[in-house]
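The block underneath contains the structure these notes are about, expressed in structure tokens.
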Amino acid sequence: MSEVVRLTLVSHAMTDAVSAGRFPTDEPLNAQGNRQADTCVELGPTDAAYCGPEKRTRQTAELLGLHAVVEPLLADLDCGRWRGDVLGGVEPAELAIWLTDPAQAPHGGETVVQVIERVRRWMDSLARRRGRLVAVTHPAVVRAAILVVLDAPAKSFWRVDIAPVSRTVLHFRGHAWTLRSPL
């Protein structure tokens, strides 16, 4: 076991909602997503693997050959009544509020601030661990983790672009997380 936590966050593969610009439901991967995850670069040995509770994260983890434990704190941002809607179908004033004020959730779901705090709690729980960990999750969770590591303001959330099946590597040494590399 290493003296460092090496956490690789993997964003789930493509779904129909992602490709159509819709707010997600609990949908499975589409054909493109299955191909993406199948051809993903090897993650190497892991001491533990986690995934969000949604189908798309569980399927991506399986295709990557991971025996992942479902972790509720890795769930996607709850978009409330917007689930399944196309981005362009949302009232522009409501969308503007959501994209500019991280403490607001006009859709009735979770705020960006709440997601960041949820992810912070999960990362804090990992600080007592050691070794190589992998978590298959959502772009929103990866964004939140990056903001936690950088101690960046919540308003920076939408400025981080996370692609399907991308990897973001974080390290925890002693008392602080560092961003090793977005891949």
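The values are calculated or read from the model by the stated rules, or taken from the named source; none is laboratory data. Remember, it's a predicted structure, so these values are computed and weren't measured experimentally. Ideal geometry is used to build each Cβ from the backbone, glycine not excepted, and the neighbour counts take in all protein chains shown. These area figures cover heavy atoms from the full protein model, side chains too; ligands, DNA and RNA do not enter into them. Shrake-Rupley method; radii C 1.70, N 1.55, O 1.52, S 1.80 Å.
Computed over the chain with a Gaussian network model linking Cα atoms closer than 10 Å, the most mobile of Gly80, Gly108, Gly44 is Gly44. Counting only protein heavy atoms and a 1.4 Å probe, the chain has 49 square angstrom of accessible area per residue.
Applying 1/(1 + (r/R0)^6) with r as the Cβ-Cβ distance of Val69 and Ala93 and R0 = 41 angstrom yields a FRET efficiency of 0.50. Taking the charge dipole of the chain about its Cα centre, with +1 at Lys and Arg Cβ atoms and -1 at Asp and Glu Cβ atoms, the residue from Ala68, Pro102, His175 reaching farthest to the positive side is His175. A simple spin-label model places pseudo-atoms 7 Å from Cα toward Cβ; at Arg173 and Arg81 they are separated by 4.9 nm. Using R0 = 22 Å, the C-beta based FRET efficiency linking Arg121 and Thr25 works out to 0.30. Taking the Cα centre of the range 127-183 as reference, the dipole from Cβ charges on Lys and Arg (+1) and Asp and Glu (-1) amounts to some 280 debye.
Within the listed set Val90, Val142, Val70, the Gaussian network model of the chain (springs between alpha-carbon atoms below 10 Å) gives the highest mean-square fluctuation for Val90. The GNM of the chain, with springs linking C-alpha atoms under 10 angstrom apart, assigns the highest mean-square fluctuation among Ala31, Ala154, Ala145 to Ala31. Computed over protein heavy atoms with a 1.4 Å probe, the carbon and sulfur contribution to the accessible area of the chain reaches 51%.
Taking each full run of DSSP H in the chain as one helix, which ones are at least 15 Å long along their axis (Cα atoms) and have mean Kyte-Doolittle hydropathy of at least -0.5?
Details: long enough: 112-126 (21 Å, 0.09); 139-150 (16 Å, 2.35).
Those that clear 15 Å and a mean of -0.5 are 112-126, 139-150.
So if I place +1 on the C-beta of Lys and Arg and -1 on the C-beta of Asp and Glu, and nothing else carries charge, what would the dipole magnitude of the chain be about its Cα centre? I want it in debye, nearest 20.
Working: 21 positive and 21 negative charges, 129 e Å.
The calculated dipole for the chain is roughly 620 debye.
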